[in-house]
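See below for the structure under consideration.
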Amino acid sequence: MSTVLSLFLFVAAIAYVEYRLKRINAEKDDNSKEAFRFFATKEELKSAVKRLTQQMTDDRTALDERMTSVEQKAFFAAEKPQEEVEEQPVPVEEADPSVVFFRWPADDGTFDDAQRQKVQTEDTYYRFQLDDSRTHGEFTFVTISDTQISKANNSSKKYIERACNFVGTKSSKYICKPGKAHLERGRWLIDLKARIEYC
């Protein structure tokens, strides 16, 4: 009986050892597969890094080539003499001969025709619109800046009252209704004063 039991235990021990060997081999295979997968992933990563590095190198090379090209173009453009552009003369707008400007009236309220000007400036305060005969015309008080109107308002007897009547409190805003004048012996005599209405 004891021999049978010993034999049974021996067979069982052999079976257990075989079972454990199989398990160990199976685990070893699993570990090998895991190791293979790890190394395969590592190789893929290496390959991806290598491709990215190569792409970066290619991009840098292309960028350097473009920059060199741009610098060369800029250099040659700077070195190249500028083509002489033939300047076209700016057409001068002919002044309307029926419009003239005067500074301010003389003490007697007349304008000296010899002092007429073709364009308005900071020193002209009166604009004359002449008729076809150039001996009669309408005139208005005109200014082109706040400084000019302020100067006229502060010395209104000199700049305004000799040729204009005015209503309202003096300010930089106004409208002017035309007066009338005619030319006689080189002087413009006022027939009707202009009327300044301050706003």
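The values are calculated or read from the model by the stated rules, or taken from the named source; none is laboratory data. Quick caveat: nothing in here was measured; it's all calculated off a predicted structure. Methodologically, a virtual Cβ is constructed for each residue, glycine included, from the backbone with ideal geometry; neighbour enumeration extends over all protein chains shown. Heavy atoms of the whole protein, side chains included, go into the accessibility calculation; ligands, DNA and RNA do not. Shrake-Rupley method; radii C 1.70, N 1.55, O 1.52, S 1.80 Å.
Structural remarks
- When the strands (runs of 3 or more DSSP E) confined to region 120-189 are screened for residues that are closer than 22 Å to ASP108 by Cβ, those reaching at least 2 such residues are found at 126-130, 136-141, 164-167, 179-184.
- Inter-residue pairs, beta-carbon under 6 Å, first under 12 Å from HIS136 (Cβ atoms) and in region 185-199, second open to solvent by 80 Å² or more (accessible area, probe 1.4 Å) and not aliphatic (A, V, I, L, M), 6+ apart: ASP191/LYS180; LEU192/LYS180
- For PRO105: the one exception among (1) assigned to a loop (DSSP other than H, G, I, E, B); (2) under 25 Å from ALA95 (Cβ atoms); (3) without any contact (Cβ under 8 Å) to a residue 60 or more places away in the chain: (3)
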